[in-house]
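First the structure, in the form of structure tokens, and then the observations on it.
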Amino acid sequence: MIEAFPDTEAVHQCCICKGSTFPLIDLGRQPLANGVTASAAAADAAPAFPLDVIVCRECSLAQLNHRVDENLLYSEYNYITPDSSDLTRHYGQIKDFLSNCGFLGSESRVLDIGSNIGRLLEYLKPHVASILGIDPAQNIARMANESGIPTLATFFNKTTARKIREEHGEVDAVFIRHCFAHNPDPSVMSAGFPEVLSKEGILVIENAYFLDTVERGEFDQIYHEHMYYYNVRSISRILKNLGMRVVDLYHSDVHGGTMVFVAKFNGSSTPPSARVAEFLEKEKAMHTEAFYEDFLTRIASNRTELISLVNQLQAEGKTVHAYGASAKATVLLNYYGLTREKIPCIVDSTITKQGKFVPGTGNQIISEEEAAGNPPDYYLLTIWNYKDEIIRTVRATGNSTTRFIVPHPAVEVL
Ligand SMILES: [Zn+2]
């Protein structure tokens, strides 16, 4: 039986439908996943906050039970979309899906919310009529503008959406990829959609798919920035308040299981595709206590297995480093207790992170060049979602000996 967490307050109501909830997982107190520190001592002293997820019994929306102040979360946002062949292929698949279904074409005017340095827009530019990005991080929006991707440096909400309509006209497609869950109140952002989207326009929300997260034991998708974990049913519940509905879905394996939800206004002439009903049926069948309990069992067994593997390798005198100092890595290393004594270094290509330390565990972040000069016996793939690409990158440096440990869905040594 799943019981309420012993050390937290009474479980909250669902933020969206006010339904009752049950606890899914408690990862204990965790540092902010993107809060890399300047020294190992600062990593040890990094502030930690409760990280636990609850699920609504009514609309099945998974959500954080405790929220961290947004000013703490986003004051130093340094995530830059990587230049990745896997990601470019993914953009191509989304574009093809949307054009094959008649949702996107050469006449489409496109707005991307949380556009970062504009990689998606850069990809779409030759295929659509116009592009515009919006991102609250000033430094990142500047980089986008300098590379020729028009980007507004501000938050997206009702007011800014209205301003976009006045200055640039309405758009036919609004993309919001992997940031719709980054806001404590989805209604603040979503109130902007009707202001700027044309009557027959599409809203394209992309997010980790909650069913995949649970089914594959990907607990490291859970961190303080991710306030919600969506499925078709819960997204539909949120869109209902806007007079919108999901009309199609594109499911992909990228990032450990991703769903692209395509929504339109209720008055639109497009009926929902058969895929929508299929996924809703599947979600209904899986929304059971046994399904969520299995998630906990899988995590516990993977954790035991991975920790004993690292201990065994260490006893044999082998070196283990990690690869990818992403937010996921912070969660995984902290929850598994893989501190710098066990994993001294973690490789990352992001220049602004190099020389810094993972909060909580103090693993030092090093560059790919530095790693190539001193390769370990094993890499723990903390960015398992870029597995194939990392193995190719490491092998391309002439390193044919380092082996790779994959943490999910089962512990695997490659
Ligand atoms: Zn709910």
Query - For the chain, share of DSSP beta bridges that run antiparallel, in % to the nearest 5 - result: 50
Report summary line: For the range 85-287, the accessible surface attributable to carbon and sulfur atoms (probe 1.4 angstrom, ligands and nucleic acids excluded) amounts in percent to 50
**Report entry** For the chain, radius of gyration divided by Kirkwood radius, i.e. Rg to Rh on alpha-carbons
**Finding:** 0.96
Requested in this report: Using a Gaussian network model of the chain whose springs link C-alpha atoms within less than 10 Å, name the residue from Asn34, Asn374, Asn334 with the highest mean-square fluctuation.
Outcome: Asn374
Report summary line: If one builds a Gaussian network model of the chain from Cα atoms under 10 Å apart, the most fluctuating residue listed among Met286, Met244, Met259 is Met286
Query raised in the report: lysines within cross-link reach of Lys199: Cα-Cα under 22 Å, excluding same-chain residues under 8 positions apart?
Result: Lys95, Lys158, Lys163, Lys240, Lys264
Report summary line: Restricting to aspartates and glutamates and to Cα separations under 15 Å from Lys356, and discarding same-chain partners fewer than 8 apart, the set is Asp44, Glu76, Asp348, Glu368, Glu370
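May I ask for the Kirkwood hydrodynamic radius of the range 1-155, worked out over all distinct Cα pairs and given in angstroms to one decimal?
Hydrodynamic radius (Kirkwood, Cα only) of the range 1-155 equals 18.9 Å.
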Requested in this report: Kindly express, to the nearest 10 degrees and within the range 0 to 90, the angle between helix 387-396's C-alpha long axis and the longest C-alpha principal axis of the chain.
Outcome: 60
Query raised in the report: Treating the beta-carbon of each Lys and Arg as +1 and of each Asp and Glu as -1, no other charges, what is the dipole magnitude of the range 141-240 about its Cα centre, to the nearest 20 debye?
Result: 340
Query raised in the report: Hey, what's the chain come to in accessible area per residue, 1.4 Å probe, Å²?
Result: 42
**Report entry** Accessible surface of Ile117 - all protein chains present, 1.4 Å probe, nearest 10 Å²
**Finding:** 30
Query raised in the report: How much of the DSSP beta bridge set in the range 298-414 is antiparallel, as a percent to the nearest 5?
Result: 20
Requested in this report: Just the number, please: percent antiparallel of the DSSP beta bridges in the range 85-287, rounded to the nearest 5.
Outcome: 45
Query raised in the report: Using a Gaussian network for the chain with springs between C-alpha atoms less than 10 Å apart, which of these wobbles most: Ala290, Ala141, Ala153?
Result: Ala290
Report summary line: To the nearest 20 debye, the range 85-287 has a Cα-centred charge dipole, built from +1 on Lys and Arg Cβ and -1 on Asp and Glu Cβ, of 460
Report task. Provide, as a two-decimal number, the C-alpha radius of gyration of the range 85-287 over 2.2 N^0.38 Å, N being how many residues it has. Result -> 0.97
Report task. Only Lys, Arg, Asp and Glu count, each charged at its Cβ (+1, +1, -1, -1), so figure out the dipole size of the chain about its Cα centre, rounded to 20 debye. Result -> 560
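The values are calculated or read from the model by the stated rules, or taken from the named source; none is laboratory data. This one's a predicted model, so the numbers in the text were calculated from it and none came from an experiment. All Cβ positions, even for glycine, are placed from backbone atoms using ideal geometry, and neighbour counts span all protein chains on display. The area values use the complete protein model at the heavy-atom level, side chains included, leaving out ligands, DNA and RNA. Shrake-Rupley method; radii C 1.70, N 1.55, O 1.52, S 1.80 Å.
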